[in-house]
Amino acid sequence: MGWNRNSITAKLDIKYPVFQAPMAGGMTTPQLISEVSNCGGLGNMGAGYMSPDEIRESIKQIRKLTDRPFGVNLFVPDSEASADTEDISSMGEVLERYSSELGMAGKQALPDKDYAVLYKKQLDVLMEERVPACSFTFGIPDSAIISELKKQGTLIFGTATNVNEAVEWEEAGADIIVVQGSEAGGHRGTFHKEESGMIGSMVLIPQAADAVSCPVAAAGGIMDARGIAAAMILGAEGVQLGTAFLTCRESGAHRLYKRALLNAGNDQTAVTKAFSGKPARGIRNRFMEEMKGRQVLPYPLQNDMTAPIRKHAAKLERTEFMSLWAGQGVGMAEEVTVKELMTRLVKGTELLLDK
């Protein structure tokens, strides 16, 4: 039996248990997602910040480009996220010096957004479109939501950063659990105490695999076949790669972001709450360094406050104010097509595991 024939490939009806991570913010284009799926893996849409109409349109585009399974990821909103007026005003003053430097008029303010309503509307689209797989980050949805999605044939992926979260996800009915090691780029998927979600993949994978009976997919710092083979030996039945796919030609990452990834050394990432209010790993830059030690607003408030600065900085090509999410394996990133990357991953893993 080959390395790729297991419960994950059987459940999803895919050839290889290789997932492209669902990175939010426009990175996961329909072209990227569909090409991963066409190459035998599982492409995933990072839909956390997308409107219901945008999600529906992207699903339509993906289905035009592939008849293979794909997934969609949503953020479970935190109903308790709030901040008092004084803290919001104080953060606005801190950010004003950056917006002023970038030539932006006025103080940064919080937009009026209802994330609970957005989440419900996003879910409605996924149910109407009957997506093959749906993954969730930052929490576990209500049991009624999981039940309804499963009833229509959608496979449920949970995101866990420690063993307790993995166990909770299995109890909630997850079909597959993605265990995210501390090496991973972007936001930590932790939904308990933040400090409990900084466990390295080497110890997280075997402990999570031993603690749950449903299959585990490993995420965090995996960039090549060696990482896939190591994760499988440690007990994972699948892997999820993010940073490796960001520098693919089909990725929607800003060209300056891609350049930063391709030029980054292996010691240039750090975990920060400066941009969004949640711990996230990215390439160190001026904004991260200068915001160190400051009390930031909780997610998603901090994220909303800094969004205009990040967008304007990208227009002005000022990467020192952009969130350049990247995993610890970023030093191995290469500019390739999805097909080239998938071919390398598959062939390399076959050489290492199918002996």
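A few comments on the model shown:
- In region 297-323, the residues that are among the hydrophobic types (A, V, I, L, M, F, W, C) and in contact with a Leu (Cβ under 9 Å, 6 or more places away or on another chain): LEU297, LEU301, MET305, ILE309, ALA313, ALA314, LEU316, PHE321, MET322
- When SER323 is tested against (1) in a loop (DSSP other than H, G, I, E, B); (2) out of contact with any strand residue (DSSP E or B) (no Cβ under 8 Å at 6 or more places or on another chain); (3) buried (at least 20 other Cβ atoms within 10 Å of the Cβ), exactly one condition is not met: (2).
- Any hit, region 45-53, residues being open to solvent by 20 Å² or more (accessible area, probe 1.4 Å), within 20 Å of the chain's Cα centre (by Cα) and of a type in the set (A, V, I, L, M, F, W, C): yes
- Selection status of GLY331, in contact with a helix residue (DSSP H, G or I) (Cβ under 7 Å, 6 or more places away or on another chain), on the phi < 0 side of the Ramachandran plot and surrounded by fewer than 19 Cβ atoms within 10 Å (Cβ to Cβ): no
- Only one entry in SER82, SER90, SER37 is open to solvent by less than 10 Å² (accessible area, probe 1.4 Å) and either farther than 26 Å from THR243 by Cα or in contact with a Phe, Trp or Tyr (Cβ under 8 Å, 6 or more places away or on another chain) (or both), namely SER37.
- Every test in (1) open to solvent by 10 Å² or more (accessible area, probe 1.4 Å); (2) over 25 Å from MET322 (Cα atoms) is passed by THR137 save one, and that test is (2).
- Once region 1-14 is narrowed to residues that are more than 22 Å from the chain's Cα centre (by Cα) and of a type outside the set (Ser, Thr, Tyr), the residue that is farthest from THR66 (Cα to Cα) is MET1.
- Among (1) modelled with pLDDT of 95 or more; (2) open to solvent by 30 Å² or more (accessible area, probe 1.4 Å); (3) under 16 Å from the mean Cα position of the chain (by Cα) - the single one LYS60 does not satisfy: (3)
- Qualifying residue in region 330-345 (condition: assigned to a helix (DSSP H, G or I), basic (Lys, Arg) and closer than 17 Å to ALA24 by Cβ): no
- Condition check for LYS107: modelled with pLDDT under 95 and surrounded by fewer than 16 Cβ atoms within 10 Å (Cβ to Cβ): yes
- Applying the set (1) part of a helix (DSSP H, G or I); (2) open to solvent by less than 10 Å² (accessible area, probe 1.4 Å); (3) among the aliphatic types (A, V, I, L, M) to ALA144 leaves exactly one unmet item: (2).
- Only one entry in THR85, THR29 is farther than 24 Å from ILE145 by Cα and touching a Ser or Thr at 6+ places or on another chain (Cβ under 8 Å), namely THR29.
- Among the residues listed as THR349, THR306, THR272, the single one being open to solvent by less than 20 Å² (accessible area, probe 1.4 Å), β-branched (Val, Ile, Thr) and in contact with a Pro (Cβ under 8 Å, 6 or more places away or on another chain): THR272
- For region 149-259, the helices (runs of 4 or more DSSP H) that sit wholly inside it and include 1 or more residues that are buried (at least 24 other Cβ atoms within 10 Å of the Cβ) and under 13 Å from the mean Cα position of the chain (by Cα) are 243-246.
- Enumeration of residues in region 167-214 that are under 21 Å from ILE233 (Cα atoms) and not hydrophobic (A, V, I, L, M, F, W, C): ASP175, GLN180, GLY181, SER182, GLU183, GLY200, SER201, PRO206, GLN207, ASP210, SER213
The values are calculated or read from the model by the stated rules, or taken from the named source; none is laboratory data. Keep in mind it's a predicted model, so treat the numbers as computed, not measured. Ideal geometry is used to build each Cβ from the backbone, glycine not excepted, and the neighbour counts take in all protein chains shown. For accessibility, only protein heavy atoms count, side chains too; no ligands or nucleic acids. Shrake-Rupley method; radii C 1.70, N 1.55, O 1.52, S 1.80 Å.
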